[in-house]
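The values are calculated or read from the model by the stated rules, or taken from the named source; none is laboratory data. Nothing here was measured: the structure is a model prediction, and the numbers come from that model. So basically every Cβ, Gly included, is an ideal-geometry build from the backbone, and we count neighbours across all protein chains shown. Each accessible area value is taken on the protein alone, full model and side chains, heavy atoms only, with ligands, DNA and RNA left out. Shrake-Rupley method; radii C 1.70, N 1.55, O 1.52, S 1.80 Å.
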Amino acid sequence: MPQITMKNLAGADAGKVDLDDAMFAVQPNVPVMHQVVTAQLAARRAGTQSTKTRSEVRGGGAKPYRQKGTGNARQGSIRSPQFTGGGVALGPKPRSYAQKTPKKMIALALRSALSDRAADGKIVVVDEWGWDRPSTKQAKAALTKLGVDGKVLVVVGRDDATAALSFRNLPEVQLIAPAELNAYDILCNEWIIFTQSVLPEAPAPKGKPSASAVADVAEDAEESASDEPVIENGAADDPATDDAEVSTASTDDVEAADAATDDADEPAIEEDEK
């Protein structure tokens, strides 16, 4: 797992932080990034352009001149595409330019973009912003102390409202939420700044619990084992064992009753025959 030096607002080292291999250490897939970015830009198009055909243009109900005898080409309407003010042939109509992109391709493009920036050393992790009130001056000074220049993408969480207000007036800074992180915005900026709390992590594979879930289950199991009562001088009453004993006793009673019935049914044998 790759490590990166975490910084504070003064630009000094604040320890090491681990980066997820699945997010920051994969081989960038350039064709997938190109397809995802193209689809994202296509989805931004409004698709509201529209033109009128010859049937939608006003006027042109009468035939401009007779069919024969004028020496001109025959015409049926002055609103045909070849006339000025006529309709448009094969013009654009409102449509959607959105493309269907698989979710796995979108996720791979995001991992590829993050890995590309991490390989170039353009990832910065800050411990916390820690500003009491919004200040664009402090935000600009923090970027200078962090050694960041050019276009910067700052990932801010819900608890970083003060930081978002501080960075929003800087023209070279783009703000984005962790859930909205995408390949296009990463590739459009030279630097990516995270706080330790918003570092992206790869989701657990389908059907397998995450590491945090496994730790929670283990902790619950330990608590349950410590809460069980300790029984001394004998075993605890087992309902299953009691039922087995009752069943055995009932069987013995039935067998004894059957034996007594057999003895009563046998004929008496005379000892001396006359």
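For region 106-131, give me each residue that is under 20 Å from residue 144 (Cα atoms) and free of Cβ contacts under 8 Å to residues at least 60 places away in the same chain. Within region 106-131, 120, 121, 131 meet the criteria.
When residues in region 30-64 are screened for being in contact (Cβ under 8 Å) with a residue 40 or more places away in the chain and open to solvent by less than 80 Å² (accessible area, probe 1.4 Å), 14 of them pass.
Can you spot a residue in region 167-180 that is under 25 Å from residue 3 (Cα atoms), in contact (Cβ under 8 Å) with a residue 40 or more places away in the chain and surrounded by fewer than 18 Cβ atoms within 10 Å (Cβ to Cβ)? No, there is no match, as no residue in region 167-180 is under 25 Å from residue 3 (Cα atoms), in contact (Cβ under 8 Å) with a residue 40 or more places away in the chain and surrounded by fewer than 18 Cβ atoms within 10 Å (Cβ to Cβ). When region 112-134 is limited to residues that are small (Gly, Ala, Ser) and open to solvent by less than 20 Å² (accessible area, probe 1.4 Å), the one that is farthest from residue 26 (Cα to Cα) turns out to be 113.
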